[in-house]
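Below is one structure, written out as structure tokens; the observations come after it.
The values are calculated or read from the model by the stated rules, or taken from the named source; none is laboratory data. Model, not experiment: these values are computed from the prediction. Glycine also receives a Cβ, built like all others from the backbone with ideal geometry; neighbour counts cover every protein chain displayed. Protein only, heavy atoms only, side chains kept; ligands, DNA and RNA dropped before computing areas. Shrake-Rupley method; radii C 1.70, N 1.55, O 1.52, S 1.80 Å.
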Amino acid sequence: MKTSVVIVGGGPAGLAAAVSCYDAGVKDILILERDNCLGGILNQCIHNGFGLHTFKEELTGPEYAARYVAMAAEREIPYKLNTMVLNIEPQADGTKLVTAVNTEGLMEITAEAVVLAMGCRERPRGALNIPGFRPAGIYSAGTAQRFVNIDGVMPGKRVVILGSGDIGLIMARRMTLEGAKVLAVAELMPYSGGLKRNIVQCLNDYDIPLKLSTTVTKIHGQKHLTGVTLQKVDERRRPIPGTEEYYDCDTLLLSCGLLPENELSSQAGVQLSPVTSGPVVTSSLETSVPGVFACGNVLHVHDLVDYVSAEASTAGKHAAEYVCNPDHTEARKLRLRTEGGARYTVPVYAEPEKMEPQLKVYFRVGDVYKNAVLTVSALLPDGERKELSRKKKNVMAPGEMEQVFLKKDDLLPLPAGSEIIVKVEGNA
Amino acid sequence: MIKELTCINCPLGCSLRAEVEIVDGNPVVTSVTGNTCPRGEAYAKKELTHPTRIITSTVRVHGGRLAAVPVKTASDIPKEKIFDVMEVLRGIDVNAPVHLGDVVVENVAGTGVAIVATRTVE
Ligand SMILES: Cc1cc2nc3c(=O)[nH]c(=O)nc-3n(C[C@H](O)[C@H](O)[C@H](O)COP(=O)(O)OP(=O)(O)OC[C@H]3O[C@@H](n4cnc5c(N)ncnc54)[C@H](O)[C@@H]3O)c2cc1C
Ligand code: SF4
């Protein structure tokens with residue numbers, strides 16, 4: 001089988017990429033989705049808070065997904081469900097051989113361009129780095145979310161949550177509404193990993209305590225969980241003796257963050273960033289393998305699906321351009337680097353000639369910064385620095401993705417070999 | 001009196017400072033700062049006088065491809081009514097098919113607000 005563009009994953013990223021690729025004139029598209037429906041993780045995110053930026057109204061996850069499913073349906077973009085992509089192999093002629101499997105068997109598709117939109121998965125239990133039994137009653141927050149919201153089954157009645165990522169916070173509220181008692185949310189770090197709004201509306205609204213600098217140090221129960229011990233930790237995250245507190249509970253949810261799902265990408269030879277675990281991309285969202293693009297949570301973990309959709313539209317458009325323009329000579333690339341509190345940027349390379357008039361650069365900080373100053377400057381090959389922009393922010397926190405804009409007009413005149421420095425300074 | 005709060009209307013989560021005066025025994029918000037957009041001001045006024053929330057949950061479905069259909073209150077309801085609404089939702093079930101936007105319960109728990117389905121379950 002042959003097609004112009006294969007999109008791996010039918011979540012919000014895959015759908016938005018397909019729609020924009022189609023609208024940019026490349027209509028020969030195939031979406032491959034391993035689940036039994038389109039929409040991705042949004043189907044289990046039944047809470048509201050999606051789409052304020054894209055649709056100017058506040059939608060729930062399934063409603064947001066339905067809008068993009070409808071847009072893809074209007075364009076009659078083909079998709080295959082229950083179909084898992086196993087391998088992507090760049091060929092000598094520049095095409096990519098995509099191998100997938102479903103109930104009909106194995107299929108091979110030759111594509112000119114591929115958009116990676118596989119999303120992310122929860123960090124494995126490794127976070128729970130304690131000896132002893134693993135009784136029943138311990139779930140990742142996302143698994144519990146699926147049980148409650150899709151299958152209509154409650155995993156337990158007395159709950160402790162380890163990790164204050166957004167899914168954990170959302171599940172604290174969800175299980176409380178369903179009649180469970182959420183005793184505490186424990187967070188190893190001295191700050192929450194989730195959005196402030198979720199602390200307010202998921203914990204404070206229901207008087208659920210958030211215990212910072214605290215972790216689970218003991219699991220009680222052999223066959224089924226009967227309780228956990230929480231303990232405070234010091235600055236070096238070592239448990240402080242004498243601070244043990246016992247909680248009688250039948251359920252422990254782990255909400256220790258998300259990791260982009262990139263086995264396929266690395267098999268395909270795509271270079272990954274050690275910081276985001278996602279592909280290293282250019283301003284066209286093209287990976288190190290020409291004609292392979294990435295967007296959404298597989299690229300870096302987003303808290304806002306609106307940003308996922310915007311990013312995926314860019315990827316879809318550039319995939320279409322790649323297909324339409326057979327001249328694949330490489331564009332000039334300027335590397336983006338971080339300094340101070342900024343941990344990473346997406347993209348890692350800006351292509352001044354190819355980019356839009358404004359390029360949105362996403363980044364996260366590694367710690368909480370107060371009275372932060374965010375500067376972007378160009379570091380010229382002769383060592384001279386030219387400030388391009390400067391912005392003040394009251395607070396910046398690792399839980400919240402930040403963005404800054406680069407102007408094409410600022411980058412075009414920069415000589416080859418220049419670098420763009422994104423820097424955050426402030427009181428940590 | 002100055003009250004500090006976090007706007008929950010969007011993920012920016014602006015830190016708001018509101019000045020509250022008590023007029024005839026009722027709180028009245030006289031000024032709001034720190035909001036990035038007008039929704040923040042409206043939120044502070046509501047939150048400090050009569051707080052409301054949108055509630056999302058699920059309702060059991062019979063004969064559908066899924067066991068439960070996600071639902072929400074069509075608009076925000078008074079915060080103190082949250083558990084009354086949940087009680088009503090636990091007591092009902094619906095038959096497939098249910099379509100996105102279908103009204104599942106009218107005037108839930110006397111709030112005057114409907115419960116609508118947020119996904120199609122066939
Ligand atoms: C639990 C949770 C709560 C969230 N809450 C909010 C919120 O309140 N507001 C907000 O704006 N955002 C929220 N987000 C973020 C937002 O939902 C995500 O950023 C967004 O769904 C990511 O979209 P995606 O398409 O990149 O990934 P996904 O939605 O994960 O989609 C990826 C798809 O790829 C498929 N796939 C993966 N590998 C393969 C393969 N090998 N072959 C075929 N298919 C494959 C998967 O089955 C999946 O359907 C939340 C995210 C999570 C996880
Ligand atoms: S004030 Fe506006 S921008 Fe700020 S959190 Fe509220 S809705 Fe968002």
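Let me know the shape class of the range A:1-137, please: from the alpha-carbon gyration tensor, a ≥ b ≥ c as square roots of the eigenvalues, rounded when a/c is under 1.5, otherwise prolate if a/b is greater than b/c, or oblate.
Taking the square roots of the gyration eigenvalues as a ≥ b ≥ c, the range A:1-137 is oblate.
For Cα pairs less than 8 Å apart in space and 6+ apart in sequence, what is the mean separation divided by the residue count of the range B:2-50, i.e. the relative contact order in percent?
32
Hand me the trypsin sites (Lys or Arg not before Pro) from the range A:155-216 located in a DSSP loop with no more than 14 other Cβ atoms within 10 Å, in residue order please. Passing sites in the range A:155-216 are A:Lys157.
Bridging of A:Lys80 to lysines at a Cα separation below 20 Å is possible for A:Lys2, A:Lys27, A:Lys96, once same-chain residues fewer than 8 apart are set aside. First check a/c for the range A:117-208, with a ≥ b ≥ c the square roots of the eigenvalues of its C-alpha gyration tensor; if it is under 1.5, answer rounded, and if not, answer prolate when a/b is larger than b/c or oblate otherwise. It comes out rounded by the Cα gyration axes.
The string of couplings for the range A:284-299 from the Karplus curve (6.51, -1.76, 1.60, θ = phi - 60°) is 8, 6, 8, 7, 5, 9, x, x, 10, 10, 9, 7, x, 5, 6, 7 Hz, one whole number per residue in order, with x for Gly and Pro.
The simple Förster model, with R0 at 25 Å and r as the Cβ-Cβ distance, assigns B:Val28 and B:Glu4 a FRET efficiency of 0.90.
Along the axis of the charge dipole computed for the protein assembly as shown (Cβ charges of +1 for Lys and Arg, -1 for Asp and Glu, origin at the Cα centre), the listed residues A:Val404, A:Thr176, A:Val308 are led at the positive end by A:Thr176. Extension gain for A:Lys80 to A:Gln403 (0.36 nm times residue separation, less C-alpha to C-alpha distance): 112.8 nm. Only Cα pairs under 8 Å and 6+ residues apart enter the sum, and on that basis the relative contact order of chain A stands at 15 percent. Note that chain A, at 25 °C in a medium of 0.890 mPa s, gets a Stokes-Einstein diffusion coefficient of 107 µm²/s from its Kirkwood radius over C-alpha pairs. In this structure, the amide hydrogen of A:Ala136, modeled 1.01 Å from its nitrogen in the peptide plane, lies closer than 5 angstrom to those of A:His224, A:Leu225, counting only residues at least 5 positions away or on a different chain.
Shape descriptor for the range B:56-117: Rg over Rh equals 0.96 (Cα atoms; Rh from the Kirkwood inverse mean 1/r).
Looking at the protein assembly as shown, the DSSP beta bridges with both ends there are about 70 percent antiparallel.
Shown here: the range A:349-428, whose C-alpha atoms stretch 34, 26, 17 Å along the first, second and third principal axes, sorted largest to smallest.
Counting only lysines at least 8 places from A:Lys391 when in the same chain, those with an alpha carbon closer than 29 Å to its own are A:Lys56, A:Lys196, A:Lys333, A:Lys354, A:Lys360, A:Lys370, A:Lys407, A:Lys408, A:Lys423, B:Lys3.
For chain A, with every protein chain kept in place, what is the accessible area per residue (1.4 Å probe, Å²)?
It amounts to 42 Å² per residue over chain A.
Averaged over peptide A:212-224, the number of partner chain Cβ atoms lying within 10 Å of each residue's Cβ comes to 0. Computed over all pairs of different Cα atoms, the Kirkwood value for the hydrodynamic radius of chain B is 16.2 Å. Candidate membrane-span-like segments in chain A, meaning DSSP H helices with Cα atoms spread over at least 27 Å of their own axis and a Kyte-Doolittle mean of 0.0 or above, are A:305-324, with no membrane implied.
Phi-derived couplings, Karplus 6.51 cos²θ - 1.76 cosθ + 1.60 at θ = phi - 60°, listed residue by residue for the range B:32-38: 10, 10, x, 7, 8, 9, x Hz, with x used for Gly and Pro.
Its Cα centre serving as origin, the protein assembly as shown has a Cβ charge dipole (Lys and Arg +1, Asp and Glu -1) of approximately 1160 debye.
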